[in-house]
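S.K.: Below: one structure in structure tokens.
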Amino acid sequence: MDNKTQTEIEAATFRRIIAHMQKRTDAQNIDLMGLTGFCRNCFSKWYAAEAKERGIEIEKMAAREIVYGMPYDEWVKKYQTEATPEQLNKMDESLKLNKEK
């Protein structure tokens, strides 16, 4: 596979992941962090960081809007729930695992 085709496939895969996460508003960021060590906010940070490496500045909230499919504040009001102590503990454990590796 040539580099151009690989990049196109990776870009399409990224778009599918983001579209899936936009549809799955029931999957809270705290749950994603607890299970995987990353969430929608991580995707938006990575997106902005990759843009910056290419000389393009993207504001934090603009990157979040790309990932969330709407303004972040709107998403929070519509879909975000209060984190439980169990969710917070699971996220903390996941973050510790990320630091150890």
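S.K.: Given the conditions (1) modelled with pLDDT under 95; (2) surrounded by 14 or more Cβ atoms within 10 Å (Cβ to Cβ), and given that ALA51 satisfies all but one, which numbered condition is not satisfied?
M.R.: The number of the failed condition is (1).
S.K.: If I ask for residues that are part of a helix (DSSP H, G or I) and among the charged types (D, E, K, R), which ones from the range 31-58 would you list?
M.R.: Hits for the range 31-58 are ASP31, ARG40, LYS45, GLU50, LYS52, GLU53.
S.K.: Do we have TYR79 as under 14 Å from the mean Cα position of the chain (by Cα), surrounded by 11 or more Cβ atoms within 10 Å (Cβ to Cβ) and among the hydroxyl-bearing types (Ser, Thr, Tyr) here? It would help to see each step written out before you state the result.
M.R.: On the way: under 14 Å from the mean Cα position of the chain (by Cα): no; surrounded by 11 or more Cβ atoms within 10 Å (Cβ to Cβ): yes; among the hydroxyl-bearing types (Ser, Thr, Tyr): yes.
For TYR79, the condition - under 14 Å from the mean Cα position of the chain (by Cα), surrounded by 11 or more Cβ atoms within 10 Å (Cβ to Cβ) and among the hydroxyl-bearing types (Ser, Thr, Tyr) - is not met.
S.K.: Would you pick out the residues in the range 31-48 that are surrounded by 15 or more Cβ atoms within 10 Å (Cβ to Cβ), modelled with pLDDT under 95 and aliphatic (A, V, I, L, M)?
M.R.: Within the range 31-48, LEU32, MET33 qualify.
S.K.: From the list MET61, MET91, exactly one residue is assigned to a helix (DSSP H, G or I) and under 13 Å from the mean Cα position of the chain (by Cα). Which is it?
M.R.: Working: MET91 fails: under 13 Å from the mean Cα position of the chain (by Cα).
None of the others qualify; the one that does is MET61.
S.K.: Still on this structure, I have one more. Taking ILE66, is it at pLDDT 95 or above, in a loop (DSSP other than H, G, I, E, B) and of a type in the set (Val, Ile, Thr)? Walk me through how you get there before you give the answer.
M.R.: Details: at pLDDT 95 or above: yes; in a loop (DSSP other than H, G, I, E, B): no; of a type in the set (Val, Ile, Thr): yes.
Spelling it out, it is not the case that ILE66 is at pLDDT 95 or above, in a loop (DSSP other than H, G, I, E, B) and of a type in the set (Val, Ile, Thr).
S.K.: Also, I was wondering about something else. With LYS78, LYS99 as the choices, which residue is in a helix (DSSP H, G or I), touching a residue at least 40 places away in the same chain (Cβ under 8 Å) and of a type in the set (D, E, K, R)?
M.R.: LYS78
S.K.: Is at least one residue of the range 2-17 surrounded by 14 or more Cβ atoms within 10 Å (Cβ to Cβ) and within 10 Å of the chain's Cα centre (by Cα)?
M.R.: Scanning the range 2-17, I find no residue that is surrounded by 14 or more Cβ atoms within 10 Å (Cβ to Cβ) and within 10 Å of the chain's Cα centre (by Cα), so the answer is no.
The values are calculated or read from the model by the stated rules, or taken from the named source; none is laboratory data. Here the structure is a predicted model, which means the values were calculated and not measured. All Cβ positions, glycine included, derive from the backbone under ideal geometry; neighbour counts span all protein chains shown.
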